[in-house]
Amino acid sequence: MKLAKRSNIAPSLTLAMNTKAKQMRAKGIDVISFAAGEPDFTTPEHVKEAGKKAIDGNKTYYTPVSGIIELKEIVAKKLKKENGLDFTTDEITINSGAKHSVFNALSVLVENGDEVIVPSPYWVSYTEMVRILGADFRTIETSEETGFKITPKDLENVFSDRTKVVLLNSPNNPTGAVYNKKEIFAIAEYLEDKDIVIVADEIYEKIVYDGNVHVSIAGYSDKIKSKTVIVNGVSKAFSMTGWRIGYAAGPAEIIGAVNKLQGHTCGNPTSISQWASVAALQQNSSFITGWVSEFKKRKDYIVKKLNDCKPITCADPEGAFYVFPNVSGLYGSVLKGNTIKDSVDLADYLLNKGKIAVVPGKAFGADNYIRISFATSMDNIIEGIKRLEGCLP
Ligand code: PMP
Ligand code: GLU
């Protein structure tokens, strides 16, 4: 049997590490997982109730491909109220998770020979998506020194006549970088006259710390908005990862093309989840503030502890729920008989010897780092850090 070249894709390492940890736990091994890319809170009761009501009310049939009008209207309201952006429902599409939204958008935008510019470290799935579509993945390297952020100058250095999409993700997975208004608008200013599309993945919008504020690049000007596709969803903000609802808002031409693609490949996102998402976006979401302050406590603890673990250094994330410590000081050492050459060796060693699961930075194009998710309880974090300390020289 010969599979298409397109099938030659790397598995999602974030999902793989999480699964590995769960499998070890199922076997009775006491693993603490720092691999999860999902909030550890439960879906709010009123959202679950709306899902149950949708089932009981027989809202279990196909919906319009682009999503139910009630959900698109509430997304439009959210974008107006929280981001100051006007979108009609023709400019909004509902998809099966934000991952699907990104892939849908890229699918109608890029092809062989096109280039997608992405700041690195980047979220694991971006590379493979771009590769599946036959386009080239062009990274801009960032580090702790630059706050893991790019500038217009960095963009200028890599920009070419093949550049078709600039893919931005703020708040960022895995680095936690959040572009402030000045930083994101400087990028907008540079891109305003370029013949490209910006895909802005804003899925961690609500999870920001220490006075940082999420600003959407689309708010810079009408011109920038006319070339931006915003991606967001309910997974992270409402602890609804399993419900699989994401959305994209952008120019009607792009959204229309996405809807045609979706009509042939997925049909509609789950009807029940769409109704639950209406409830999520409709109600007072003040509980998110409580979640964020819980995340902040964990973040502050973990950042301090990691910086006490020489030779590890750890930047303080501005958003999302990951820390991305630099562990390269450990490379070349032999720990309890294990040679540590790179982030994959270190993640394997920590899992096998320390019974803690982390994601190697290699998955995000940054081998000097590992990703530790603090979307787990404070007890787990305290115990997990103790185990990490026990694994270090
Ligand atoms: N973008 C980023 C940066 C993410 O971390 C995730 C998490 N999986 C997604 C998109 C996709 O989210 P969803 O679960 O809604 O597909
Ligand atoms: N976005 C999460 C992560 O980076 C979830 C896993 C995934 O979808 O890849 O871990």
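Read-outs throughout are calculated quantities, based only on the coordinates presented, and are distinct from any laboratory measurement. Just so it is clear, the structure is predicted and the values come from calculations on it, not from any experiment. Reconstructed Cβ throughout: ideal geometry from the backbone, glycine too, with neighbour counts over all protein chains shown.
Just check region 6-88 against the gyration tensor rule for me: Cα atoms, a ≥ b ≥ c as the square roots of the eigenvalues, rounded for a/c under 1.5, and otherwise prolate or oblate depending on whether a/b exceeds b/c. Note, shape of region 6-88 comes out prolate. Annotated for region 24-101: lysine pairs at least 8 residues apart or interchain, Cα distance under 17 Å, count 4.
Each peptide among 108-119, 139-150, 49-60 gets the average number of other Cβ atoms lying within 10 Å of its residues, and from highest to lowest they stand as 108-119, 139-150, 49-60.
With semi-axes defined as the square roots of five times the eigenvalues of the C-alpha gyration tensor, the equivalent ellipsoid of the chain measures 33, 25, 21 Å, largest first. Each label point was placed 7 Å from the Cα along the Cα-to-Cβ direction; for Phe287 and Ala4 their separation is 4.1 nm. A Cβ-based charge dipole, computed about the Cα centre of region 1-140 with Lys and Arg at +1 and Asp and Glu at -1, lands at about 560 debye.
Which of the three applies to region 58-141, rounded, prolate or oblate, going by the alpha-carbon gyration tensor with a ≥ b ≥ c and a/c under 1.5 meaning rounded? Prolate. Toward the positive end of the charge dipole of the chain, with +1 on the Cβ of Lys and Arg and -1 on the Cβ of Asp and Glu, the farthest Cα among Tyr322, Ala279, Thr339 is that of Thr339.
The peptide list 35-41, 255-261, put in order of mean Cβ contacts within 10 Å with the highest first, becomes 35-41, 255-261. The label point for Lys59 and the one for Ser226, both projected 7 Å from the Cα toward the Cβ, are 3.6 nm apart. In this simple spin-label model, placing a label point 7 Å from the Cα along the Cα-to-Cβ direction at both Lys22 and Asp193 gives a separation of 5.1 nm.
Neighbours of Arg162, meaning other residues whose beta-carbon lies under 9 angstrom from its beta-carbon, give a summed charge of -2 when Lys and Arg score +1 and Asp and Glu score -1.
Using Cβ point charges alone (K and R +1, D and E -1), the dipole size of the chain about the Cα centre works out to roughly 1220 debye. Normalising the average separation of contacting C-alpha pairs (under 8 angstrom, six or more residues apart) by the number of residues puts the relative contact order of the chain at 23 percent.
Here the gap between His46 and Asp345, fully extended at 0.36 nm per residue and compared with their Cα-Cα distance, gives a gain of 103.3 nm. Can you say what percent of the DSSP beta bridges in the chain, counting only those with both residues inside, are antiparallel? Round to 5. Restricted to the chain, the bridges split so that about 45 percent are antiparallel. Within the shell defined by Cβ-Cβ distances under 12 Å, the residues around Ser120 carry a net charge of 0, with Lys and Arg each +1 and Asp and Glu each -1. Restricting the count to DSSP beta bridges whose residues both fall in region 174-253, what percent are antiparallel, rounded to a multiple of 5? So the antiparallel bridges in region 174-253 amount to around 50 percent. For Thr142, the amide hydrogen comes within under 5 Å of the amide hydrogens of Ser120, counting only partners 5 or more places away or on other chains and with H modelled in the peptide plane.
If the label point is 7 Å along Cα→Cβ of Glu253, which residues in region 206-241 have backbone nitrogen under 18 Å from it? Within reach of a label on Glu253: 222-230.
Answer rounded, prolate or oblate for region 1-141, using the Cα gyration tensor with square roots of eigenvalues a ≥ b ≥ c: rounded when a/c is under 1.5, else prolate when a/b is larger than b/c, else oblate. Judged from the Cα gyration tensor, region 1-141 comes out oblate (a/c at least 1.5, b/c at or above a/b).
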